[in-house]
Each structure stands twice: as C-alpha cells, then as structure tokens.
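The values are calculated or read from the model by the stated rules, or taken from the named source; none is laboratory data. Since the structure is predicted, the reported quantities are computational estimates derived from the model, not experimental observations. Please note: Cβ atoms are built from the backbone with ideal geometry, for glycine as well, and neighbour counts cover all protein chains shown.
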Amino acid sequence: MAYEPEKKAKFDHDYFRDQFRQCKQLNASEIDLQNFNNQTFKLHKADQPTSVKEICARRCLSLGLKPTSSWKVTALAGYAGFYLIQNSLHDLAKWFWILRALVDFTQYPIKSNLTSEAALSSHRFPWKHYDPHFRKTKSSNEKKQPIERLRWTTLGYQYNWETKKYYSGHYVDFPSDLARLCGFYVDCLDLDPQKHYNPQTAIVNFYPEGSTLGIHCDNLEWDSTSPLVSISLAHSAVFLLGEADRTREPIRLLLNSGDVVIMTNSCRQRFHAVPKIFITDNMNKEDFEQSKLEFAEEAQEFNFSDSENLISDGMKRFSDEDVEKAIEYIRTRRINLNVRQLKKLNEPTPSNCEEIDPRLSSIDGQIVNEF
Ligand SMILES: O=C(O)CCC(=O)C(=O)O
C-alpha cells in the first residue's frame, strides 16, 4: 500500500482531501446512517445486478455464511472491479473473526505497530496482557495498554510500513481458514475464472473511535490486479473510494460489521481512505449468546459434525474470558481484515522482496517479560 496523505498534491485541487476532511467532521447524531449509502447507490448502481453463484446452503454454512441467495451484492457503475457484499456472514461468524483477529492475529511472531517498539512480552502478546478493567481502577491519565495502542498487524508476508516493502524472511503462515473464506467470496462472484486466487498476506487494521486511515492505494503487491478482500467487523466506518488520481470527489459508503468489499483489477489503482469511525453496533454478551443459539439451530438442521463447520469448531478454542475481553475491546472499535495476493500462484518470490527486514530483525531478541 502507498500512503501519500501529507505529500503535496501534484494537481491543482485535491478533491479527495476535501471530502476526507468533511467526513472526519461528521457527527452520527446529525446524519441518517441507515440511508447513508442510498445516494451513492442511486447515482452509481450498476444496471445489471451482480450475479452470485448459487452454492448449496450447507456449504455456505460450513464457512459461517448465509445462503448466497440472501447476500446483497452491489457493483457501482463507473467503478469497475469494486463490489460490496452485504448480509453474507452469520452473526456468530462475525464474532468468530473478531476473536480470531484479537486472540490469534495479534500474537508474536506476527508483526504489528507494537513489536517495533521493544521486545516486551506485553507488546508481543498484547491480548494475553489485556485487562479490560485496568483503566477503571486506575486514575484516568494512566497509560494505555498495548492492545489499546494496536493499530495494525500483518499476516503471511510481513509488510514494513517504513520501508514500504514486503519481507520474505518474516513469513508467518497465512491462516488457511481466512484464505478459504476469501477464496469462497472470490469464487462466488466469479472473479477468478482461471483459479489463480491465492491470498498470501493481510493487514489487520484496528481502529479506535476517532482514528482514520489516510488516503492511499493498494498497489505495492507484485500482483496488484488480483482481488483484494476486505472484511469489516464491529463498529462502522465511512469508506471513501476515488479515482487513480485525486482530481475528482470520491464516493462515500458506510461499511458495517460483516460487510465485505472486493477490489480487483483496475480498481486496485484507486485511492481510498477511512476518514471516520461511527459507534453503531451494540455487540454485547446477550448478542453473542443469541448468535450462538441461532447458529447452533441452523447447523443442527444440516447435521454437521463440529470438524465440518469452521465456526462451531473454531469457536471452541476461545475461552469465556476471551469473549468477555473482546466485548469490552470492541465497545468503541472497528476491525478490518484486509487480505491480498502478493504474487501469482507458483511464481517464485520476486527479487525485490527483501529477505530480512533490518529494522524488525534487530528487535527479534529475547522477550522481556514486563510483569
Ligand atoms: O479499513 C478499511 O475498510 C480499509 C483498509 C485499507 O484500505 C487498507 O488496509 O489498505
């Protein structure tokens, strides 16, 4: 990804930046969030509905998905290669991916904005060290816990935000369940007729209320035409999608929990950004219990054994404590799983993928336990 927020624009007027600043000021109580996307949909909705393959309901549910017939897929006229998929994930699947992001996708050796700071155990295993009640019992100017300062982690090939390079020497296995889910979406929309889709890297973005993601385009992967699959979880965000330059106003969309965006081919060259997080979804304990019940009822109909169902099986490894902590953590946060393919299937690692990241390898020393 290439960030250029502060770079002086090479054109007369930066319409993207104007819209970014406007959206940053939006106030949830003054706007109609339910109808936020209507104007964009009216102006740009493609004439032809995007077709989604009909896949048997059992296969969908095995991945925590609703039948494809109930998905709402929007393609926008004038924005080829952009798709918004709504109503595809079961509520329990949203919880599963939130827990997976927090419990599993934050752990060393996965790199994050925290691991560059120090070899402290609390920075490398911020979830384990997270105490959701910590701030309530200490004075309000107490320092934030590491997990509260976490902004991104990387899966698969590790990306260095300073050198803007991927490093093969820091490869962490890409989660196969996430690859399966993304592959399923790509297949359902028939975006990979040659069956080359193979995600190898992801950035997990953690957005506290008030945070933003600057204007950028995702074109640093060697294969920058393959579908990029982006899954929104917990609270909502305004997503701006512009052109390959910034001379026209971007369109704006509200992304809610469970919404999936796919950007493929030329759409990968478009500038985009997240200027605003809205606190919208009340994901609490009752909501969690309810989604567990509903999912179990549906799964029972199909007589799954646990190992046949990604969600029922996967949920087993999260403790009650993980769930309690996650509820507290996402009270004011959004999470985004941003999955990419780095290189074409069976291609060797490109020569411009450096072996070792000097900045990260220098901190790969012994872990210091803070507590
Ligand atoms: O959070 C989002 O929805 C978008 C994230 C994104 O654009 C990125 O990670 O490159």
Could we say that Leu84 is within 14 Å of the chain's Cα centre (by Cα) and within 14 Å of Tyr185 (Cβ to Cβ) here?
yes
Checking the conditions here, which among Glu221, Glu209 is surrounded by fewer than 17 Cβ atoms within 10 Å (Cβ to Cβ) and of a type in the set (D, E, K, R)?
Glu209
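Table: residues versus (1) more than 16 Å from the ligand (Cβ to nearest atom); (2) under 18 Å from the mean Cα position of the chain (by Cα); (3) over 24 Å from Gly156 (Cβ atoms).
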{"position": "Glu308", "(1), (2), (3)": "yes, no, yes"}
{"position": "Arg317", "(1), (2), (3)": "yes, no, no"}
{"position": "Ala326", "(1), (2), (3)": "yes, yes, no"}
{"position": "Arg333", "(1), (2), (3)": "no, yes, no"}
{"position": "Lys343", "(1), (2), (3)": "yes, no, no"}
Every pair of residues 6+ apart whose Cβ atoms lie under 6 Å, when the first sits in region 159-176 and is in contact (Cβ under 8 Å) with a residue 40 or more places away in the chain and closer than 14 Å to Pro199 by Cβ while the second is assigned to a loop (DSSP other than H, G, I, E, B) and β-branched (Val, Ile, Thr):
Val172/Ile110
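Which strands (runs of 3 or more DSSP E) does region 174-256 wholly contain that include 2 or more residues that are of a type in the set (Gly, Ala, Ser), within 16 Å of the ligand (Cβ to nearest atom) and at pLDDT 95 or above? Quick ask: steps written out before the conclusion?
Working: elements: 201-208, 213-217, 228-234, 236-241, 251-255.
It comes to 228-234, 236-241.
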Select from region 181-196 the residues that are surrounded by fewer than 17 Cβ atoms within 10 Å (Cβ to Cβ) and within 17 Å of Ala57 (Cβ to Cβ) and list them in ascending order.
Asp187
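Working only within region 309-351, note down all residues that are outside any helix (DSSP H, G or I), β-branched (Val, Ile, Thr) and surrounded by fewer than 21 Cβ atoms within 10 Å (Cβ to Cβ). Show your work before the answer.
Residues of region 309-351 outside any helix (DSSP H, G or I): 309, 316-319, 333-351.
This time we only want the ones that are β-branched (Val, Ile, Thr), so: 335, 339, 349.
Thr349, the sole residue that qualifies.
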Flagged in region 280-308 as loosely packed, with under 15 Cβ neighbours inside 10 Å and either among the hydroxyl-bearing types (Ser, Thr, Tyr) or touching a Cys at 6+ places or on another chain (Cβ under 7 Å) (or both), in numbering order, are Ser305, Ser307
Count of residues meeting criterion [charged (D, E, K, R) and at pLDDT below 95] in region 257-275
1
Of the conditions (1) touching a helix residue (DSSP H, G or I) at 6+ places or on another chain (Cβ under 7 Å); (2) β-branched (Val, Ile, Thr); (3) within 30 Å of Pro67 (Cβ to Cβ), the single one that Val186 does not satisfy is (1)
Of the residues in region 276-297, those that are in contact with a Leu (Cβ under 6 Å, 6 or more places away or on another chain) and either within 16 Å of the ligand (Cβ to nearest atom) or modelled with pLDDT under 95 (or both) come to Lys276
Among the residues of region 257-294, count how many are aliphatic (A, V, I, L, M), outside any strand (DSSP E or B) and under 20 Å from Tyr185 (Cβ atoms).
0
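Let's see how each residue does on (1) modelled with pLDDT of 95 or more; (2) touching a Lys or Arg at 6+ places or on another chain (Cβ under 9 Å):
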residue	(1), (2)
Phe16	yes, yes
Asn27	no, no
Thr50	no, no
Ser88	yes, yes
Trp95	yes, yes
Ser112	no, yes
